[in-house]
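All remarks here apply to the structure that follows.
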Amino acid sequence: MTLRHLLTVVVALVLLVYPFVVNSFWLVQIGGRTLGFGTIVLSLVFLTAYTGMLSLAQMTVAGVAGYATAYFTAPTGGVGLELAWPVALILALGLATLAGLLIGLVAVRTRGIYTLMITLAVAMAFYYLTLQNYAVFNGFTGFNNVEPPVIAGLDLGAPLPFYYLSAVLAVLCYAGVRHVVRTPFGLALQGLRDEPQRLQALGYNVPLLRVLAFGLAGFVAGIGGILNLWLNASISPGSVALNPVIDVLMAGVLGGIGHPAGAYVGAFVFTIVDNFAIDFIARERFNTLIGLVFLAIVLFSPDGLTGLVRRAWARWAGTGRRRDDAPDDSTNIGK
């Protein structure tokens, strides 16, 4: 059995059994948050691993979906317009995808650190917009009491349904990304990552491919943004401020920016540290602790925790093969 097949079986079993071996806090605040936050990180990993573009605006796109969902399902203080939840979710995901496309239009002609800085500028511009605008974003207060829908008597806001909803959406997003990168579009994106000039010489529209990649990443981030909104039952400018924007990047690097699985591994590690750091150090020292964890991962495993696992598996498998190929000493007895 290959490492990929083994991990697939293990992850499926863990996702199914997890709710029955933990309490409600671990179910929602650890499991649910990991899956929702990890889906936002997945959008960043997709862009970085398969297109070579690093964006700091993925939490911003998630915030667009979150604000849109709140605006169309939970009007607050006269701000908002209540619609049927399917319509609201379609609009929210459509706006998130549009936001991704627009950010892509701004960022596609830049490279490296310039892409990073321009997407950070977009993220901060959106933060100040939400902070100062009351007609659409309700300013500093934002939206509160935003609950998931009730479908056929099933309250998706209850711990167990919310967890399984998050798990199903996370699995679909992960599988969707893995499928897309094997399609002609995904292969073109990888060619763009490695040899953009050669791809352009073959007749591909390189800027268009980059914009479309940002749009797809925006759709994935939008799903994570809606899950985060329902987890917290609220959204405000603090949800899209600088710290959450950087958190997405840190989680991606912790898990491994080169593979989609790293998004959820990094989100899990970040969530654990975020929730339990206060048990070991003062709350104001959290950034110091997460910074030390981040530094350790970068120094000892630049491709994150998933890279560490892959190398360990390769070493173990190589050792096993060498043992199998070794001559049997019993055949040499008496010679």
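Points to keep in mind about this one:
Results for (1) in contact with a Leu (Cβ under 8 Å, 6 or more places away or on another chain); (2) over 16 Å from residue 229 (Cβ atoms); (3) assigned to a helix (DSSP H, G or I), shown as yes or no for each residue.
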site: 41; (1), (2), (3): no, yes, yes
site: 44; (1), (2), (3): yes, yes, yes
site: 53; (1), (2), (3): yes, yes, no
site: 56; (1), (2), (3): yes, yes, no
site: 62; (1), (2), (3): no, no, yes
site: 65; (1), (2), (3): yes, no, yes
site: 72; (1), (2), (3): yes, no, yes
site: 92; (1), (2), (3): no, no, yes
site: 105; (1), (2), (3): no, yes, yes
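- Contact annotation: residue pairs with Cβ atoms under 8 Å, 6 or more positions apart or on different chains, pairing a residue in region 200-229 that is closer than 14 Å to residue 184 by Cα and of a type in the set (A, V, I, L, M) with a partner that is open to solvent by 10 Å² or more (accessible area, probe 1.4 Å) and not in a helix (DSSP H, G or I), are 213/53.
- Only one of the listed residues (243, 332) is at pLDDT 75 or above and either open to solvent by 50 Å² or more (accessible area, probe 1.4 Å) or of a type in the set (S, T, N, Q) (or both). That residue is 243.
- All positions within region 107-156 that are among the aliphatic types (A, V, I, L, M) and over 22 Å from the mean Cα position of the chain (by Cα): 129, 131, 135, 136, 150, 151, 152, 154
- Hits in region 118-171 (condition: open to solvent by less than 70 Å² (accessible area, probe 1.4 Å), of a type in the set (Phe, Trp, Tyr), more than 23 Å from residue 14 (Cβ to Cβ) and assigned to a helix (DSSP H, G or I)): 126, 127
- The requirement of being within 19 Å of the chain's Cα centre (by Cα), β-branched (Val, Ile, Thr) and at pLDDT below 95 is fulfilled nowhere in region 197-206; no residue meets it.
- Test: residue in region 146-166 that is touching a strand residue (DSSP E or B) at 6+ places or on another chain (Cβ under 8 Å) and over 20 Å from residue 26 (Cα atoms): yes
- Filtered by the rule that a residue be small (Gly, Ala, Ser) and either open to solvent by 40 Å² or more (accessible area, probe 1.4 Å) or assigned to a helix (DSSP H, G or I) (or both), region 246-279 gives 251, 252, 255, 258, 261, 262, 263, 266, 267, 277.
The values are calculated or read from the model by the stated rules, or taken from the named source; none is laboratory data. Nothing here was measured: the structure is a model prediction, and the numbers come from that model. Note: ideal-geometry Cβ built from the backbone for every residue, glycine included; neighbour counts use all protein chains shown. SASA here: full protein model, heavy atoms, side chains in, ligands and nucleic acids out. Shrake-Rupley method; radii C 1.70, N 1.55, O 1.52, S 1.80 Å.
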